[in-house]
Amino acid sequence: MDPIKVDFSGSGSKKSGSVIIPPNKAGIKILINILGTAIVAAVAYYFYLPAFNFKAIEMYIYFGMIIAAYCVMAFITSGALMSPEYTPYARKNARIPIIIALILLVVVGIGYVASSVFFRAKDYHEILHVETADFSEDVQEADFASVPLLDKDSAATLASKALSDLVDENLVSQFTINSSETQINLNNRPVRISTLKYQNIIKWLTNRSKGLPGYLVIDMTTQKVNFVRVENGIKYSDADHFNRLLKRHLRFNYPTALLGTSVFEVDENGDPYWICPILDNTIGLFGGKDVKGAILVNPSTGECFDYTIEEIRSSKELNWIDRVYSPDLLVEQYDYYGKYEGGFWNSILGQKNVVVTTSGYNYLALNDDVYMYTGVTSITATDNSITGFTLINQRTKEAKFYRVNGATENAAQEAAQGKVQQYQYVATFPLLLNIGEQPTYFMALKDKNQIVQQYALVNVNQFTTLVSTGTSIAVCLENYTKLLAENGIETEIDVSDIEDNLQNPENSQTTAELKELAGAIEDIRVAVIGGNSCYYLKVAGNDKYFAVSASKFETVVIADKGDSVTLKYADGDAAIIEVKDFKLG
């Protein structure tokens, strides 16, 4: 301990009745405080990774940590913790850092007030623009050969099993499935991409030079899992360590950017990239979080490419990107849109036209993009009903609202489970489909071992009566179409065709891939095949015959030569082509 220096001459510093007594070698100790604080700052930055951005609350917390570290060191090196006589000196030494801390607190306080929804409700409402649309026009008839049959948990189980089967790849003992996964469209197929992680730090040390060997692609329809090996390995990921940890690599390259959660995607050629949203607080300092761009990271080399959100929305070369806006952010923005249209006080008191999203969300593939969808319900609703639902594009943030009165997703799950309550199956979170122009929830019913035992279809509007289940999709769909017919809702769904497509998904064509032909009938022939009448039409301007099933399109029986027709079909080289959609007149 330093000897206490007392100035008996009366010339020492004194403030507020306290004598300020400097410790021995005070200058060296101040230098030690600065160096020690610099070390704390470097270590804290390496692990905490704050953005040096006035809109980042973590920056203020980081500076608060540095100031606290300096003050603590000032009290330790001065000896004030052991000898109270040095306390006035330690306080004086910490005065400027404390003033800086108070200034930062004032800035944060002003920032929160300026960002408060109390004052900026209109700005929060306008952060998302929503268009009202017609469901049957925007969402094409469900093609069960491309409908995801797996939920997230089932996909993860399949991925783990597939990895364990790769004995010849020597992967099982070194790697395991990472919890991070992404649902995307890959070559017009709904798939989930699962990345790997090292079993432990020892396995990382022995494998880090080669990196993670690849990723798994789980086809959500066929339930097939493929392991895709990446040339040169994946050396930057959210499961790596030190400088190859993805978040740290991004922070060192973009020290001022507000970074969102990165997701793993692959382009149409199977080349992988990490997609990291660049965020911005658009209301005050801390409110109105939105996406202003994205960073693409090559997982093998670490090379980074950054794009504005306008470039991502408009560039054809970047159309393969499926997710820039996280579903949680989109739900948050829709809630702002629904709650604050009438201002802050209306959201609390009158609550006129105040709506919020329901308790969950799922994904829907449309036009080679992935949309987040969730139900919308009145904030004052006391039952399990919705006023409609919203679809929001995860790449462009295009948002549409569809007005449909019916069941929430949770209510639909309960209806499906109630249909088979004797088995105590649990329904997966619903997937929204268009079946006969009817918004319909589709679910898998799983037993306690997470094995899918049945499927369920629940009509969104009439969820208490139009509920069907079946041990296969075809049986479930057949039961559902019968229920629709009994309630006066006719469909043109051919269950046998659906079953064939499920067994041979490569034969299925989405509406976006179908060609359309309109013209007058030049020739018409009829044949009975398997008890069903089939009409073969030749249309002006085309040399091929088009097969139209009377069981699917009844109006074909009254068609005659010279009548105008519109056909939709999958292009091919065959002399006779099956018609997927038929309209007379």
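The values are calculated or read from the model by the stated rules, or taken from the named source; none is laboratory data. Since the structure is predicted, the reported quantities are computational estimates derived from the model, not experimental observations. Ideal geometry is used to build each Cβ from the backbone, glycine not excepted, and the neighbour counts take in all protein chains shown. With ligands, DNA and RNA removed, areas are computed over all heavy atoms of the protein, side chains included. Shrake-Rupley method; radii C 1.70, N 1.55, O 1.52, S 1.80 Å.
Identify the residue in the stretch 133-144 that is touching a residue at least 24 places away in the same chain (Cβ under 8 Å) and open to solvent by 30 Å² or more (accessible area, probe 1.4 Å) and, among all such residues, is farthest from Thr222 (Cα to Cα). Among residues in the stretch 133-144 that are touching a residue at least 24 places away in the same chain (Cβ under 8 Å) and open to solvent by 30 Å² or more (accessible area, probe 1.4 Å), the one farthest from Thr222 (Cα to Cα) is Asp134. From the list Val230, Val147, the lone residue that is assigned to a strand (DSSP E or B) and either touching a Gly at 6+ places or on another chain (Cβ under 6 Å) or surrounded by 15 or more Cβ atoms within 10 Å (Cβ to Cβ) (or both) is Val230. Here the stretch 536-550 is the region considered, the condition is being touching a helix residue (DSSP H, G or I) at 6+ places or on another chain (Cβ under 9 Å) and at pLDDT below 90, and the residue that is nearest to Asp581 (Cα to Cα) is Val548. Scanning the stretch 81-137 for residues that are over 34 Å from the mean Cα position of the chain (by Cα), part of a loop (DSSP other than H, G, I, E, B) and not hydrophobic (A, V, I, L, M, F, W, C) turns up just one, Ser83. Looking across the stretch 268-280, the residues that are touching a residue at least 12 places away in the same chain (Cβ under 8 Å), out of contact with any helix residue (DSSP H, G or I) (no Cβ under 9 Å at 6 or more places or on another chain) and either under 23 Å from Gln333 (Cβ atoms) or of a type in the set (D, E, K, R) (or both) come down to Glu268, Ile275, Asp280. Quick check: is even one residue across the stretch 335-356 surrounded by fewer than 16 Cβ atoms within 10 Å (Cβ to Cβ), in contact with a Lys or Arg (Cβ under 9 Å, 6 or more places away or on another chain) and of a type in the set (Val, Ile, Thr)? Within the stretch 335-356, none of the residues are surrounded by fewer than 16 Cβ atoms within 10 Å (Cβ to Cβ), in contact with a Lys or Arg (Cβ under 9 Å, 6 or more places away or on another chain) and of a type in the set (Val, Ile, Thr).
For first residues located in the stretch 550-563 and surrounded by 11 or more Cβ atoms within 10 Å (Cβ to Cβ), partners that are modelled with pLDDT under 90 and assigned to a loop (DSSP other than H, G, I, E, B) and lie 6+ apart or on another chain with Cβ distances below 6 Å form the pairs Lys552/Glu492; Lys552/Asp494; Val556/Ala550; Val557/Ala550. For the stretch 45-67, residues that are without any contact (Cβ under 8 Å) to a residue 24 or more places away in the chain and open to solvent by less than 60 Å² (accessible area, probe 1.4 Å) total 5.
Does Val217 meet the test of being hydrophobic (A, V, I, L, M, F, W, C), out of contact with any His (no Cβ under 7 Å at 6 or more places or on another chain) and surrounded by fewer than 17 Cβ atoms within 10 Å (Cβ to Cβ)? In short, no.
Annotation: Asp153 fulfils all but one of (1) open to solvent by 30 Å² or more (accessible area, probe 1.4 Å); (2) in contact with a Lys or Arg (Cβ under 8 Å, 6 or more places away or on another chain); (3) more than 27 Å from Pro23 (Cα to Cα); (4) at pLDDT below 95; the unmet one is (2). Across the stretch 394-416, the qualifying residues are those that are in a strand (DSSP E or B) and without any contact (Cβ under 8 Å) to a residue 60 or more places away in the chain, and the one among them that is surrounded by the fewest Cβ atoms within 10 Å (Cβ to Cβ) is Asn405. Remark: Ile386 falls outside the filter, which requires a residue to be under 30 Å from Ile348 (Cα atoms), open to solvent by 30 Å² or more (accessible area, probe 1.4 Å), in contact with a strand residue (DSSP E or B) (Cβ under 6 Å, 6 or more places away or on another chain) and of a type outside the set (S, T, N, Q). Go over the candidates Phe118, Phe175 one by one and state the one that is within 30 Å of Asp290 (Cβ to Cβ) and modelled with pLDDT of 85 or more. When all the criteria are applied, what remains is Phe118.
It is to be established whether one or more residues within the stretch 182-197 are at pLDDT 90 or above, farther than 25 Å from Gln394 by Cα and open to solvent by 50 Å² or more (accessible area, probe 1.4 Å). Yes - at least one qualifying residue is present in the stretch 182-197. Taking the criterion of being touching a residue at least 12 places away in the same chain (Cβ under 8 Å), over 13 Å from Leu279 (Cβ atoms) and open to solvent by 40 Å² or more (accessible area, probe 1.4 Å), the residues of the stretch 244-259 that qualify are Arg244, Lys247, Asn253, Pro255.
When residues in the stretch 365-383 are screened for being of a type in the set (A, V, I, L, M, F, W, C) and crowded, with 19+ Cβ neighbours inside 10 Å, 4 of them pass.
On the stretch given as the stretch 79-121, residues that are of a type in the set (Phe, Trp, Tyr) and buried (at least 16 other Cβ atoms within 10 Å of the Cβ) total 2. Considering only the stretch 293-322, how many residues are in contact with a Ser or Thr (Cβ under 6 Å, 6 or more places away or on another chain) and in a loop (DSSP other than H, G, I, E, B)? Going through the stretch 293-322 one residue at a time, the tally reaches 0.
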